[in-house]
Amino acid sequence: MPTGDVARRQPRVRAVRLRIGRGTLVLPPLGIVLLVLVGPIVVLALYSLNLRTNIPGTPTAFSSANWKDFLTGHGNPFRARFFYSMKITLLVSVAVLYQLSAAHRGLERHRSEQ
């Protein structure tokens, strides 16, 4: 049986505990979401810049000719539809923002009356 002296002189072994924060539990789902959302955009960019092709053996090289033809070419049948859809998107966004601001003003007015 050790005496009180011997028990005091023995160093205590401290347990090393790795403490990870709660935020680390978010990292795996965040990685999956980024892979699912950003991955297709990267693949689309590679195809549109001619850095990747779906035809095996076809040589690839960086080219912005597709984008130049899309943005400035007048013979492109999709160009007019693209700009039309952008105008409609802008119109809808402005209408929604106007409605939200009007609702917010009405809510503030209602709160100030109480």
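Values in this text are rule-based calculations from the coordinates and carry no lab data. What you see is a predicted model, and the numbers here were worked out from it, not measured in a lab. Glycine gets a Cβ as well: all are built from the backbone with ideal geometry, and neighbour counts include every protein chain shown.
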Checklist entry - trypsin sites (Lys or Arg not before Pro) within segment 13-47: which are DSSP loop residues with at most 15 other Cβ atoms inside 10 Å? => result Arg14, Arg17, Arg19
Next on the checklist: Let me make sure I get this right: for segment 74-114, a, b and c are the square roots of the gyration tensor eigenvalues over alpha carbons, sorted descending. Under 1.5 in a/c it's rounded, otherwise prolate if a/b > b/c, else oblate. Which is it?
Outcome noted: prolate
Checklist entry - Which residue, Ala61, Ala95, Ala80, has the most motion in a Gaussian network model of the chain that connects Cα atoms within less than 10 Å? => result Ala95
Next on the checklist: Taking the number of other C-beta atoms within 10 Å as the exposure measure, put Tyr84, Tyr47 in order starting with the fewest.
Outcome noted: Tyr84, Tyr47
Checklist outcome for this item: Checked the chain against the a/c 1.5 cut and the a/b vs b/c comparison, axes a ≥ b ≥ c from its Cα gyration tensor; verdict oblate
